[in-house]
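Working notes, beginning with the structure itself.
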Amino acid sequence: MTAEQLISFARGAPSLDIVDVAGLKAAAARAFDADPAGVTAYGTSVGYVPLRKWIAEKHGVAPEQVIVTNGSLQADAFLFTHLVQAGDDVVVEKPTYDRTLLNLQNLGGKVHQVTIQPDGIDVDELRGLLENGLRPKLAHIIPNYQNPAGVTLSLDKRRALLALAAEYGFVIFEDDPYVDIRFRGEALPSMLSMDENNSVVHASSFTKTVCPGVRVGYLVGPAALIDAIAKKATNLYISPGMVSEAIVHQFCVSGDIDRSIQTVSAALAERAQVLAASIRTHIPGATFTEPDGGYFLWVDLPEDVDVDALFPVAMKKGVAIVKGSDFLLDGGKHSVRLAFSAVTVDQIDEGVRRLAEAIAEVRA
Ligand SMILES: Cc1ncc(COP(=O)(O)O)c(C=O)c1O
């Protein structure tokens, strides 16, 4: 590896070696053979109907409760524009996915960040805000292997959140693209599956389990809400990409997706472990919680390391990171998010060495 080659801990995307390119090519051939008319025509805005049905069955809901979108970010955007108007209160996690923060701010939402703990959002802090009169339209929650903190919401907190949503009448937006990338432990039920009050709207994606280039994600919620969003989607683009969705459908029904999930999970489990070991060796003052799955490790650096100063120095040394402050309205000045998804094992130690050098330079 040359010193000039950038090692990126920035992108939450799988590296090419763990994308099943051959499986996707074969799925594409099967899609065109099986349904040439459906694949090549305009579809409708609810998405490729056989994939919509597969997703509905996966979640145990009616197909009318599902819309398939161009990536889950579009699902997020549809829901946010549908529910949130300028001046509305919204709750997000602290820290949270940077695009969630930006999109809600761009809509004029009044964003309230609630602290994340090792077992997920601090429900007591949220309850305190609600008891003091906050009436949010929605609470955006990333329940599994959270982006960027890597933590998972406990079962008790899932129950507590559902109870708060029912009591105070807000929507829980369960944004769940990482759930299947599990390294250890038992899978917890989704809040969607536990919901008895139509409080939950759920999004997920094939980006993290298949590849981002397909741009296929989806939203599951009450049929009336999905119908209203589908009407807006029709006006926006008539239908999402049928070719992509039909390929994903073939990839799912053949069972290739299960193999892909195993490949990605096994690779990322190893990368996460190597990354943690390298940080312990090269950056002794850093603290972090190792995630049980997903794509990200959140690292708190010593207080004298300012990430605004660190970022350009790290880039100069050939390592890309994301500043903790990108995920927060305030703070995060001494934290970074490291994605271990786009780096191969042989790059990790070198990447961490470069980061350690950059830290040493910034501190000096
Ligand atoms: C929490 C969360 N939601 C949504 C997305 C968007 O994913 P995509 O549009 O690729 O499905 C991401 C991507 O990193 C994410 O971390």
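For the stretch 88-103, which residues satisfy the criterion of being of a type outside the set (Val, Ile, Thr) and in a strand (DSSP E or B)?
Looking only at the stretch 88-103, we keep the residues that are of a type outside the set (Val, Ile, Thr), and these are 88-89, 93-95, 97-99, 101-103.
Residues satisfying the conditions are Asp89, Glu93, Lys94.
Within the stretch 1-47, how many residues are assigned to a helix (DSSP H, G or I) and not acidic (Asp, Glu)?
Residues of the stretch 1-47 that are assigned to a helix (DSSP H, G or I), as a first pass: 16-18, 21-34, 36-40.
Then drop every residue that is not not acidic (Asp, Glu), which leaves 16, 18, 21-32, 34, 36-40.
Count: 20.
Name the single residue, out of those in the stretch 48-82 being of a type in the set (A, V, I, L, M, F, W, C) and assigned to a loop (DSSP other than H, G, I, E, B), that is farthest from the ligand (Cβ to nearest atom).
Taking the stretch 48-82 as the starting set, the residues that turn out to be of a type in the set (A, V, I, L, M, F, W, C) are 49, 51, 54-56, 61-62, 66-68, 73, 75, 77-80.
Then drop every residue that is not assigned to a loop (DSSP other than H, G, I, E, B), which leaves 61-62.
On the way: Val61: 19, Ala62: 23 Å.
Among residues in the stretch 48-82 that are of a type in the set (A, V, I, L, M, F, W, C) and assigned to a loop (DSSP other than H, G, I, E, B), the one farthest from the ligand (Cβ to nearest atom) is Ala62.
What do you reckon, is Phe173 modelled with pLDDT of 95 or more, closer than 23 Å to Leu83 by Cα and either assigned by TED's automatic domain parsing to the domain that holds Phe251 or more than 13 Å from the ligand (Cβ to nearest atom) (or both)?
In short, yes.
Yes/no matrix, rows are residues, columns are (1) modelled with pLDDT under 95; (2) touching a strand residue (DSSP E or B) at 6+ places or on another chain (Cβ under 8 Å):
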position: Leu297; (1), (2): no, yes
position: Val307; (1), (2): no, yes
position: Phe311; (1), (2): no, yes
position: Ala314; (1), (2): no, yes
position: Phe327; (1), (2): no, yes
position: Arg337; (1), (2): no, yes
position: Thr344; (1), (2): yes, no
position: Asp349; (1), (2): no, no
position: Arg354; (1), (2): no, yes
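Restricting attention to the stretch 323-339, which residues are in a strand (DSSP E or B) and basic (Lys, Arg)? Steps first, answer last, please.
First pass over the stretch 323-339, keeping only residues in a strand (DSSP E or B): 323, 335-339.
Listed by number, the residues that qualify are Lys323, Arg337.
Can you find, within the stretch 97-109, the residue that is farthest from the ligand (Cβ to nearest atom) among those that are touching a strand residue (DSSP E or B) at 6+ places or on another chain (Cβ under 7 Å) and closer than 25 Å to Val151 by Cα?
Filtering first and then ranking leaves Gln105.
Residues checked against (1) small (Gly, Ala, Ser); (2) assigned to a strand (DSSP E or B); (3) more than 16 Å from the ligand (Cβ to nearest atom); (4) over 19 Å from Ile116 (Cβ atoms):
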{"site": "Lys157", "(1), (2), (3), (4)": "no, no, yes, no"}
{"site": "Ala166", "(1), (2), (3), (4)": "yes, no, yes, yes"}
{"site": "Glu186", "(1), (2), (3), (4)": "no, no, yes, yes"}
{"site": "Pro189", "(1), (2), (3), (4)": "no, no, yes, yes"}
{"site": "Glu196", "(1), (2), (3), (4)": "no, no, yes, yes"}
{"site": "Gly213", "(1), (2), (3), (4)": "yes, no, no, yes"}
{"site": "Leu219", "(1), (2), (3), (4)": "no, yes, no, yes"}
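Using the structure shown, decide if Gly221 is of a type outside the set (S, T, N, Q) and within 30 Å of Leu355 (Cβ to Cβ).
It is false that Gly221 is of a type outside the set (S, T, N, Q) and within 30 Å of Leu355 (Cβ to Cβ).
Have a look at Val274, Val362, Val345 and point out the one that is closer than 28 Å to Asp180 by Cα and surrounded by 17 or more Cβ atoms within 10 Å (Cβ to Cβ).
Of the residues listed, the single one that is closer than 28 Å to Asp180 by Cα and surrounded by 17 or more Cβ atoms within 10 Å (Cβ to Cβ) is Val274.
Restricted to the stretch 170-184, and to residues that are free of Cβ contacts under 8 Å to residues at least 60 places away in the same chain and not hydrophobic (A, V, I, L, M, F, W, C), which residue is nearest to His112 (Cα to Cα)?
Out of the qualifying residues, it is Glu174.
Using the structure shown, decide if Gln85 is farther than 18 Å from Arg135 by Cβ and either outside any strand (DSSP E or B) or without any contact (Cβ under 8 Å) to a residue 24 or more places away in the chain (or both).
no
The values are calculated or read from the model by the stated rules, or taken from the named source; none is laboratory data. Keep in mind that this is a model prediction, so the values were computed, not measured. Cβ sites come from the backbone with ideal geometry, for glycine too, and all protein chains shown count toward neighbours.
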